[in-house]
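The values are calculated or read from the model by the stated rules, or taken from the named source; none is laboratory data. Just so you know, these numbers come straight off a predicted model, no measurement behind them. Cβ coordinates were reconstructed from backbone atoms using ideal geometry, including for glycine residues, and neighbour counts include every protein chain displayed. These area figures cover heavy atoms from the full protein model, side chains too; ligands, DNA and RNA do not enter into them. Shrake-Rupley method; radii C 1.70, N 1.55, O 1.52, S 1.80 Å.
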Amino acid sequence: MENRLSLVFFIPLAVASLLSACSQVPKGCEINGEPRESCSISWVTDAKGKLLIITWPDGEKSTIRPSSRPGSEMVVLNERDNGALIDNESFYKFKNFRTGSVISVAPALVGHAWSPTHVDLAAMRAENEERALHKAEDERRKKKAEAEQQKRVAEQQRREAEQKRLDDERRFAQERWEERYKNPIAFVSVKEISEEFESNSIVAEEKYADQMVAVTGVVDSVDDSMFDQNAVTVSIGVPDGYQCFGEFGCTRMPDMSFASVSCSHKRSDPVIRSLKKGMNLEVRGIVYSESTGIRLKNCRYYEI
């Protein structure tokens with residue numbers, strides 16, 4: 001009795017399940033999702049290969065030409081538009097790249113030409129995704145390399161600009177120095193400038209401190225500095241004078257004023273090797289001290 005009841009309930013359920021499965025089997029064709037079940041399909045072969053011809057209920061025709069490459073999803077629609085198989089799980093769906101429209105055909109009408117076993121869209125999508133990831137990674141690396149290159153170029157340009165600024169500053173400073181050498185504020189002798197400081201050192205300091213002067217005299221000595229063994233002091237004094245006694249002639253009279261002007265140089269400075277005691281010359285430099293005699297810096301010598 002129980003077995004009979006089970007059969008009574010099972011048979012309707014099985015029939016309902018079968019009918020549902022049958023209703024889900026794709027039939028006919030579709031255009032952009034709109035059913036065209038009464039379409040007809042035919043395959044022909046021409047000089048280009050196989051061609052699927054779809055005849056719609058209104059008599060219009062569409063064609064789908066598979067790719068000559070086995071397993072490819074690419075197709076040519078209506079012999080002019082590129083397209084591709086975009087789905088083959090139920091209908092075979094073909095998208096027209098130019099118009100965007102989608103033609104769907106039931107596999108039962110076409111056969112296995114675009115079945116999953118012949119065209120593995122899932123594998124293609126995975127491959128495309130992997131290719132897209134590689135492309136994105138390549139683009140990221142490329143952009144990073146470009147950014148680093150731009151950064152290096154910008155840094156190089158910054159360094160070059162900074163170097164140019166420093167070179168310009170040095171050049172301008174050198175030009176200013178050269179201008180000062182060409183145009184000292186005073187042309188005096190050692191004796192004259194010494195007498196000005198002896199007369200009133202305050203007034204003399206206000207006049208000469210940190211100024212370029214041209215002083216004439218004679219080299220008294222070129223010797224080691226008392227304050228630095230790596231430095232050399234050049235002392236410029238007053239030339240000896242002469243006193244004449246009529247017919248008895250003239251006598252050389254050494255200067256007893258002890259007036260002098262001095263310059264300091266590094267021992268490696270080539271200029272000190274060109275100077276000798278007794279040379280008459282003009283020295284140009286900046287007055288910076290008079291506490292132990294009048295001292296000049298940045299000295300240049302001109303033989304007279």
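Structure above, values below:
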| read-out | value |
| --- | --- |
| Number of positions in segment 43-79 that are free of Cβ contacts under 8 Å to residues at least 12 places away in the same chain and of a type in the set (Lys, Arg) | 2 |
| Residue that is nearest to residue 186 (Cα to Cα), among those in segment 273-304 that are of a type in the set (D, E, K, R) and open to solvent by less than 50 Å² (accessible area, probe 1.4 Å) | 284 |
| Subset tally (residues that are open to solvent by less than 20 Å² (accessible area, probe 1.4 Å) and in a helix (DSSP H, G or I)) for segment 95-110 | 1 |
| Lone unmet requirement of (1) touching a helix residue (DSSP H, G or I) at 6+ places or on another chain (Cβ under 8 Å); (2) loosely packed, with under 10 Cβ neighbours inside 10 Å; (3) not β-branched (Val, Ile, Thr) for residue 199 | (1) |
| Residue ID - surrounded by the most Cβ atoms within 10 Å (Cβ to Cβ), chosen from residues in segment 166-196 that are of a type in the set (S, T, N, Q) and in contact (Cβ under 8 Å) with a residue 24 or more places away in the chain | 194 |
| Sole residue being of a type in the set (D, E, K, R) and within 30 Å of residue 87 (Cα to Cα), chosen from 131, 141, 152 | 131 |
| Residue 158 vs. criteria within 20 Å of residue 236 (Cβ to Cβ), charged (D, E, K, R), under 53 Å from the mean Cα position of the chain (by Cα) and open to solvent by 50 Å² or more (accessible area, probe 1.4 Å) | no |
| Meets criteria (crowded, with 16+ Cβ neighbours inside 10 Å and either more than 59 Å from the chain's Cα centre (by Cα) or β-branched (Val, Ile, Thr) (or both)) for residue 26 | yes |
| Answer from 129, 89 - the residue that is exposed (fewer than 12 other Cβ atoms within 10 Å of the Cβ), in contact with a helix residue (DSSP H, G or I) (Cβ under 9 Å, 6 or more places away or on another chain) and at pLDDT below 95 | 89 |
| Search result, residues across segment 33-47 that are assigned to a loop (DSSP other than H, G, I, E, B), farther than 14 Å from residue 68 by Cβ and open to solvent by 60 Å² or more (accessible area, probe 1.4 Å) | 37, 38 |
| Any hit, segment 272-279, residues being more than 27 Å from residue 204 (Cβ to Cβ), of a type in the set (A, V, I, L, M) and at pLDDT 90 or above | yes |
| Residue count, segment 48-78 (criterion: within 52 Å of the chain's Cα centre (by Cα) and open to solvent by 80 Å² or more (accessible area, probe 1.4 Å)) | 3 |
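Residues checked against (1) outside any strand (DSSP E or B); (2) at pLDDT 95 or above:
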site: 167; (1), (2): yes, yes
site: 175; (1), (2): yes, yes
site: 184; (1), (2): yes, yes
site: 222; (1), (2): no, yes
site: 227; (1), (2): yes, no
site: 236; (1), (2): no, yes
